[in-house]
1. Sum up the charges of everything whose Cβ sits under 9 Å from the Cβ of Thr338, counting Lys and Arg as +1 and Asp and Glu as -1, but leave Thr338 out.
2. Ignoring GluC sites (Glu not before Pro) that are buried or in helix or strand per DSSP, and keeping those with at most 14 other beta carbon atoms within 10 Å, what is the longest stretch of the chain between them?
3. Using the structure shown, select from Lys53/Lys504; Lys423/Lys500; Lys282/Lys517 the pairs with a Cα to Cα distance greater than 31 angstrom.
4. Pulled fully out, how much extra length does the chain show between Tyr155 and Ala331, if you take 0.36 nm times their separation in residues and subtract their Cα-Cα distance?
5. What is the magnitude of the charge dipole of the range 63-213 about its Cα centre, with +1 placed on the Cβ of each Lys and Arg, -1 on the Cβ of each Asp and Glu, and no other charges, expressed in debye to the nearest 20?
6. Treating only the Cβ atoms of Lys and Arg (+1) and Asp and Glu (-1) as charged, compute the dipole magnitude of the chain about its Cα centre; round to the nearest 20 debye.
7. Quick one: net charge around Leu499, please, counting Lys, Arg +1 and Asp, Glu -1 for every other residue with C-beta under 12 Å from its C-beta.
8. 222 nm [θ] for the chain, helices only, -39500 (n - 2.57) per DSSP H run of 4+, per residue, to 500?
Amino acid sequence: MFVYCINQLYSYRMVLSRPNYRFLFLLICTLIFLTINLQAQNLYAPYRQSWLKKAEDLKPTLTETIKHPVGIVKIEKDAAAFQGWKAVKSGGIEQLYNSSFNKKNSGIVVDFGEHLTGYCTFTLKTRRSDMDAPLRLKLTFGEVPSEIATPFDPYPGHLSRAWLQDETVTVSVLPATITIPRRLSFRYVKIEWLGSSSGFEFGFADIQFKASTSVTVTPPALAAGTPQIIKDIDRIGLTTLKECMQTVYEDGPKRDRRLWIGDTYLESLANLYSFKNNNLTKRCLYLLAGLANDDGILNANAFEEPVPHAQKSRLLDYCFLYNVALKEYVAATGDTQTGLDLWPVAKKQLDIAKKYTGEDGMMDYIKAGKEWWVFFDWKDGLDKQAPLQGITIYTLNQTYALAKLLGKESEVAEIPALAKKLKDAAYKNLYDKKSGMFVSGADKQVSYGGQAWMVLAGVGSKAEAQKALRSLPTLPNAVHPGAPYMYHYYVAALLACDLKAEAKEALTSYWGGMVAKGADTFWEVYDPTDDFRSPYNFFPVNSYCHAWSCTPVYFIRKYPEVFQR
Ligand code: RAM
């Protein structure tokens, strides 16, 4: 273009012989050149705004419901309870409304009876004498009993202390109706008296909660013969998903309250078989695309406020899962228009696979691990080689399936051969014929994650896949999943190689374990052997209503012949 402009310049030399015109023409040519270059650097520049506009147009209206407390509870120590604390009913809410609130009943815990997300409002009134000084209260909101009972300070956690939901309120004039400004996510609220003048008495006239969700439908009941534990898991999974479905698929309504690709993928699967709000999936896919980096690579997460923006975060496995989520969305809805709009994004993410695949067909997991956040699970010590090789093959196959749905195979004609190359290499390098297990990394680690992703990628025969997955629970050194997120892929792998009874057993024992420990919603992290596990060095900052844990809803409803009998 630049050369073309210069040529034009010379052909108009007569006209441009005057110095001013010459300068102007050169300036225009330079501007054109720069614009073209900038567009090349900002890959989606022509579409970005329209993608973000589509996302905005699809923003759901939240349904808001006023909720009232169901009673008062005592949080009691119990070694057998989850994290050592349980909530025991101790009276009706009139206990709060009918008495003065003071030092003596400070610490009262109000139970709303269910997990809620939204805004808390309460009204205080004078009960006796005159208010001659401000009063001060502290409210601590908890998703689980331990959050109410565990002191937050000194705070040892790695994430911001501000995620913890304790709020101090100072009131100067009564009566007063106060709304806590921040959005909350909780079931229990502890109210503590911090100060008021002596001789003056005040009390609560009302406490209520405006709960929000974008869910509007009630999914059909499960088959009559469904075991009770599966019904319970499904019910709690639905509540978890409902709470996370706000104006985007949030990862957790308490924390981090944002759109993550990995969580979105799993939520969108569960949504397909329950609430069927496919427009929310569509909105999230457009939003993530519109907020991609200039080089076309996706960011792992995004915020909606104050204006939609991404957190600069390059998480390799989540880039891949965007493609899978898009393929599932198009396959389920037939919305090829969205598929075609977003196809350039899916195609671009494949560059990651191409960049790290060596001559031998193996992903260079060491280099990738240096240049990316390679996640897979909240599990220290998990070797990522096998999971990475597996998810890459899986993504190549799923993206090719998407291309087929969109008539775009010719644009990615090299993908089937590349997938095969990686698959053959995986079998050659990661399948240990002697033990019948897939191994990972220099120490040949055997993990649930490694087996799951190898099986999902179709590496090895069905018999080999079954053998590996069946052996896992018998191996004391196998690295277990750290979070329900990885457990999802393990159950998916069991189903992929037809181990139906094992899939049902795995789902029932893992998520059923949370049910037995009193879960109202499923947790971000769950290790059956350690209630206190936290990736953030402080278990109260874990999220106890976490999107990626809702996927039993997907399994139970997609495979009724396995789970609903
Ligand atoms: C957690 C988030 C989210 C997950 C990321 C990788 O902190 O809550 O669920 O996708 O990590």
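The values are calculated or read from the model by the stated rules, or taken from the named source; none is laboratory data. Remember, predicted model here, so these are calculated numbers, not experimental data. Methodologically, a virtual Cβ is constructed for each residue, glycine included, from the backbone with ideal geometry; neighbour enumeration extends over all protein chains shown. Just the protein is used for accessible areas: all its heavy atoms, side chains included, with ligands, DNA and RNA removed. Shrake-Rupley method; radii C 1.70, N 1.55, O 1.52, S 1.80 Å.
1. With Lys, Arg at +1 and Asp, Glu at -1, the neighbours total 0.
2. The segment 1-358 is the longest one with no such site.
3. Numbers: Lys53/Lys504 42 Å; Lys423/Lys500 25 Å; Lys282/Lys517 35 Å.
From the list (Lys53/Lys504; Lys423/Lys500; Lys282/Lys517), the Cα-Cα distance tops 31 Å for Lys53/Lys504; Lys282/Lys517.
4. Contour length minus Cα-Cα distance gives 58.7 nm.
5. Details: 18 positive and 16 negative charges, 16 e Å.
The calculation lands at about 80 debye.
6. Magnitude of the dipole: close to 800 debye.
7. Numbers: positive: Lys462, Lys467, Arg470, Lys500, Lys504; negative: Asp498, Glu502, Glu505.
Combined, the nearby Lys, Arg, Asp and Glu give +2.
8. Roughly -13500 deg cm²/dmol at 222 nm, from the helical runs in the chain.
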